[in-house]
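J.: Okay, here's the structure, questions in a sec.
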Amino acid sequence: MGKSEIELRTETLSDDDLIEMLENKLDYTEEAIQVAEKVMSERGHSKLLNKLDEKQIEEEKEVTKKTKE
């Protein structure tokens, strides 16, 4: 099976553009985010992906904490 249009477009993006996508996940489809994560991992940026995930978890905790106050 061939690659989807999202895969083809996402694979051509720069690392900075992919990071931008991953920092703003709500602006993109789930498929686009999954492809961006896959591309970053294939490019050897697994540690960066982990840091982005940790940062987002901390931000979500802060939002949850503020809404409970």
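The values are calculated or read from the model by the stated rules, or taken from the named source; none is laboratory data. These numbers come from a predicted model, not from an experiment. No Cβ is skipped: glycine too gets one built from the backbone with ideal geometry, and neighbour counts run over all protein chains shown. With ligands, DNA and RNA removed, areas are computed over all heavy atoms of the protein, side chains included. Shrake-Rupley method; radii C 1.70, N 1.55, O 1.52, S 1.80 Å.
J.: Please go through the range 1-58 and give me each residue that is among the small types (Gly, Ala, Ser) and more than 9 Å from the chain's Cα centre (by Cα), ordered by number. Step through it out loud before you land on a result.
T.: Taking the range 1-58 first, the residues among the small types (Gly, Ala, Ser) are 2, 4, 14, 32, 36, 41, 44, 46.
Hits for the range 1-58 are Gly2, Ser4, Ser14, Ser41, Gly44, Ser46.
J.: Follow-up question, since we're still on this one. Is there any pair linking a residue in the range 52-69 that is touching a residue at least 60 places away in the same chain (Cβ under 8 Å) and under 21 Å from Leu22 (Cβ atoms) to one that is open to solvent by 80 Å² or more (accessible area, probe 1.4 Å) and assigned to a helix (DSSP H, G or I), with Cβ under 7 Å and at least six apart or on different chains, and which?
T.: Close Cβ pairs satisfying both conditions: none exist.
J.: Continuing with the same structure: Can you tell me which residues in the range 1-16 are exposed (fewer than 12 other Cβ atoms within 10 Å of the Cβ) and modelled with pLDDT of 90 or more? Outline the logic, then answer.
T.: In the first step, residues of the range 1-16 are kept if they are exposed (fewer than 12 other Cβ atoms within 10 Å of the Cβ); the result is 1-3, 5, 8, 12, 14, 16.
Correct list: Glu5, Leu8, Thr12, Ser14, Asp16.
J.: While we're here: Take the residues in the range 29-69 that are of a type in the set (Ser, Thr, Tyr) and under 18 Å from Lys3 (Cα atoms); name whichever of them is surrounded by the fewest Cβ atoms within 10 Å (Cβ to Cβ).
T.: The selected residue is Thr29.
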